[in-house]
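Working notes, beginning with the structure itself.
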Amino acid sequence: MIRTLAPRTLVLAVILAVPALAPARADVTPEQTQALVAAIAAAGCEVRADNNAQILAAAGLDEAQAAEAVSALLGDGRAEIEGGTLRLKTEGCN
């Protein structure tokens, strides 16, 4: 049986899988991670399929850089994935 993923789940799965597929890590600076946080916050504190491209553009990051930043945010508890949506847990987004 073939399972299909909802579009937003697929988007997040791709973002999170990029570091595993990339030959080298994208070196993301704290400033770039903060730019992603700011872009997500401005978009309502959530990353969904319908706003993913806009958030990446606003943050000025490519997918590999965003994946690295998201990994850091998840790792230190500043974000969580719930129901296929990435949600910030930072000040102003709780």
* Rough spin-label spacing in nm, given labels placed 7 Å along Cα→Cβ, for Glu80 and Ala42 -> 2.7
* Asked: Okay, which of the range 28-44 sit inside 15 Å, backbone N to the point 7 Å along the Cα-Cβ direction of Ala72?
  -> 28-40
* First select every other residue whose beta carbon is under 13 angstrom from the beta carbon of Thr33; then total the charges, Lys and Arg +1, Asp and Glu -1. => -3
* To do: Would you grab the residues whose amide H sits under 5 Å from the one on Leu86? Only those 5+ places off in sequence or on another chain, please, with H modelled 1.01 Å from N.
  => Val47
* What is the spin-label model distance, in nm, from Gln54 to Glu91 if the labels are put 7 Å beyond Cα along the C-beta direction? -> 2.6
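Read-outs: derived from the displayed coordinates by stated rules, not from any lab. Computed from a predicted structure; not experimentally measured. Don't worry about glycine lacking a Cβ; one is built from the backbone with ideal geometry, like all the others, and counts go over all protein chains shown.
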